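Colleague: I'd like to ask some things about the structure below.
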Amino acid sequence: MRIVGGSLRGLKLADVGEGDTAAHLRPTTDRVREAIFNLLINGTHGNPIPDARVLDLFAGTGALGLEALSRGAARVAFVDDGGAARGLIRTNIEKARAMGVTDIWRRDATRLGPNRSAPYGLIFLDPPYAQGLAERALASALEGGWIAPDAMIVCEESRAPVIPAPLTQIDQRRYGDSIVTLARMPSS
């Protein structure tokens with residue numbers, strides 16, 4: 001796995017091999033990650049990445065959040081409740097020399113609780129597939145005030161998630177066994 005674009009392009013991330021099923025690690029492939037960022041940057045909905053506060057839920061290796069940093073995001077908060085995942089995220093943050101602009105939180109993404117800081121303008125969700133966790137995490141993020149007005153949400157799942165109101169689905173694409181759904185929070 002490598003960062004596929006931006007200032008960190010080509011940076012090799014910590015190797016997970018085929019993933020760690022015991023730790024629920026199934027990294028987003030470089031190809032799917034590149035497709036996600038092409039949708040974000042070149043889509044008709046405007047590029048949400050420059051200077052964004054990013055929330056990477058079910059962060060795994062941290063590749064999505066680090067890709068956003070590489071492309072101009074201001075800060076990334078990585079959320080994962082797995083010890084193996086947080087270790088990989090720490091290693092990858094060190095490789096990217098991004099310690100000053102990142103946070104790692106040990107937390108269940110489906111039970112975020114109240115947000116005590118500014119809300120996030122770009123949110124990634126890449127949960128373990130086919131368990132309904134994306135919907136539960138989105139509900140938790142909405143309830144806790146984690147999602148900023150006009151925020152972009154990117155969800156990678158094996159099936160199309162049900163996007164809860166007030167979020168609006170704006171795009172959906174299939175890449176192999178992954179379905180990438182983009183949704184937007186209303187402006188106000």
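What follows draws every value from the coordinates through simple rules; no lab data is involved. In this text the structure is predicted, and so the values were computed from the model without any measurement. In this analysis, Cβ positions are derived from the backbone assuming ideal geometry, glycine residues included, and neighbour counts consider all displayed protein chains.
Colleague: Tell me, what HN-Hα J-couplings in whole Hz come from the Karplus equation 6.51 cos²θ - 1.76 cosθ + 1.60 at θ = phi - 60° for each residue of the range 43-52, using x for Gly and Pro?
Modeller: Per residue, the Karplus-derived 3J(HN,Hα) values read x, 7, 8, x, 6, x, 7, x, 6, 6 Hz.
Colleague: Using the basic label-point model (7 angstrom from Cα toward the beta carbon), what is the GLN131 to SER158 distance in nanometres?
Modeller: Between GLN131 and SER158, the label points sit 1.2 nm apart.
Colleague: Counting only residues 5 or more places away or on other chains, whose amide H sits under 5 Å from the amide H of ILE179 once H atoms are built in the peptide plane?
Modeller: So ILE179 has HN proximity to GLU157, SER158, ARG159.
Colleague: What's the FRET efficiency of ASP150 with TRP105 using the Cβ-Cβ distance as r and R₀ = 22 Å, to the nearest 0.05? Present the calculation step by step, with values, prior to reporting the outcome.
Modeller: Working: r = 24 Å, r/R0 = 1.08.
FRET efficiency, ASP150 to TRP105: 0.40.
Colleague: Using a ≥ b ≥ c from the Cα gyration tensor of the range 79-153 (square roots of the eigenvalues), is it rounded, prolate or oblate, where a/c under 1.5 gives rounded and otherwise the larger of a/b and b/c decides, a/b for prolate?
Modeller: Details: a/c = 1.93, a/b = 1.29, b/c = 1.49.
Oblate, since a/c reaches 1.5 and b/c is not below a/b.
Colleague: Order these peptides, 47-60, 107-120, by their mean beta-carbon neighbour count within 10 angstrom, highest first. List each step's numbers first, then the result.
Modeller: Values: 47-60: 23.3, 107-120: 15.4.
Descending packing order for the listed peptides: 47-60, 107-120.
Colleague: Follow-up. Each residue of the range 66-80 in order: what ³J(HN,Hα) in whole Hz does its phi give by Karplus 6.51 cos²θ - 1.76 cosθ + 1.60, θ = phi - 60°, with x for Gly and Pro?
Modeller: 5, 4, 5, 4, 4, 9, x, 5, 7, 7, 10, 10, 9, 10, 7
Colleague: At 25 °C and 0.890 mPa s, what whole-number value in µm²/s does Stokes-Einstein give for the translational diffusion of the range 25-101, with Rh from the Kirkwood sum over Cα pairs?
Modeller: On the way: Rh = 12.7 Å.
Value of D from the Cα-based Kirkwood radius: 193 µm²/s.
Colleague: Which whole-Hz ³J(HN,Hα) couplings does the range 136-144 yield from phi under the Karplus relation 6.51 cos²θ - 1.76 cosθ + 1.60, θ = phi - 60°, glycine and proline marked x?
Modeller: After applying 6.51 cos²θ - 1.76 cosθ + 1.60, I find 5, 5, 4, 4, 5, 5, 5, 4, x Hz.
Colleague: Using amide H atoms built 1.01 Å from N in the peptide plane, name the residues 5+ places from ALA109, or on other chains, whose amide H lies under 5 Å from its own.
Modeller: Residues meeting the amide H criterion: PHE58, ASP81.
Colleague: Continuing with the same structure: Could you calculate the contour length gain from SER187 to GLU143, that is, 0.36 nm times the residue separation minus the distance between their Cα atoms, to one decimal place in nm? Spell out each step's value before the answer.
Modeller: Working: separation 44, 0.36 × 44 = 15.84 nm, distance 1.68 nm.
Once the chain is fully extended between SER187 and GLU143, it gains 14.2 nm.
Colleague: Translational diffusion coefficient, Stokes-Einstein: compute it for the range 21-184 using the Kirkwood radius over C-alpha pairs as Rh, at 4 °C and 1.567 mPa s, and state it as an integer in µm² s⁻¹.
Modeller: Working: Rh = 15.5 Å.
The Stokes-Einstein estimate is 84 µm²/s.
Colleague: Determine the gain in length on full extension of the stretch LYS95-GLN169; use 0.36 nm per residue of separation and subtract their C-alpha separation, reporting nm with one decimal.
Modeller: That pair, LYS95 and GLN169, stretches by 23.2 nm at full extension.
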